[in-house]
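Here the structure is laid out as structure tokens; the discussion comes afterwards.
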Amino acid sequence: MEYLHRGFRRRSEDPFRIDVRVFTVQAKNRPELEMGDKILLPESALRALTVRRVEYPMLFRLESPSGRKTHCSVMEFSAEEGCCYIPLWMMEHLGLFEGAVLRIINVSLAKATFVKIQPHKTAFTEISN
């Protein structure tokens, strides 16, 4: 990383990528995170992200060693160094177990411009405003 005058650092163009040991949010006693798509990352991840050109909100791609992927955002940077806490449903989707290695990459996703909803039952048409 290059330093500019007066201690300011130049922003890095390198993408953020980290390999961590993964645990469920239950191990951190955070059951309120179980139903969402938010994860806990270590404080060092925040420091690394602040010197890069990241878009907000911060979005991440999670990749398991088997190649399975999903996307999420971060709730806070309170995990222990080298660890990450994710919801159980996310861990199961990725085919991971407690303590497995998980790759986390900062990504930018395009915003959706169209959603097509298809009801499963005709009772949907009878709903009033």
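The values are calculated or read from the model by the stated rules, or taken from the named source; none is laboratory data. Remember, predicted model here, so these are calculated numbers, not experimental data. Heads up, the Cβs are rebuilt from the backbone with ideal geometry, glycines too, and the neighbour counts pull from every protein chain shown. Heavy atoms of the whole protein, side chains included, go into the accessibility calculation; ligands, DNA and RNA do not. Shrake-Rupley method; radii C 1.70, N 1.55, O 1.52, S 1.80 Å.
Observations
- Set ILE105, ILE117, ILE127: member being hydrophobic (A, V, I, L, M, F, W, C) and under 16 Å from VAL20 (Cβ atoms): ILE105
- 2 or more residues touching a Lys or Arg at 6+ places or on another chain (Cβ under 9 Å): qualifying strands (runs of 3 or more DSSP E) within segment 27-129: 59-63, 69-79, 83-86, 101-107
- Residue count for segment 104-123 under the criterion of being over 17 Å from ASP37 (Cβ atoms) and in contact (Cβ under 8 Å) with a residue 60 or more places away in the chain: the result is 0.
- Among the residues of segment 1-24, the ones that are surrounded by 14 or more Cβ atoms within 10 Å (Cβ to Cβ) and either modelled with pLDDT under 95 or polar (S, T, N, Q) (or both) come to 3 in all.
- Pick from segment 25-43, criterion open to solvent by 80 Å² or more (accessible area, probe 1.4 Å) and farther than 16 Å from GLY82 by Cβ, ranking: farthest from the chain's Cα centre (by Cα): ASN29
- For segment 77-103, the candidate set comprises residues that are open to solvent by 50 Å² or more (accessible area, probe 1.4 Å) and touching a residue at least 60 places away in the same chain (Cβ under 8 Å); within that set, the residue that is nearest to ILE39 (Cα to Cα) is LEU88.
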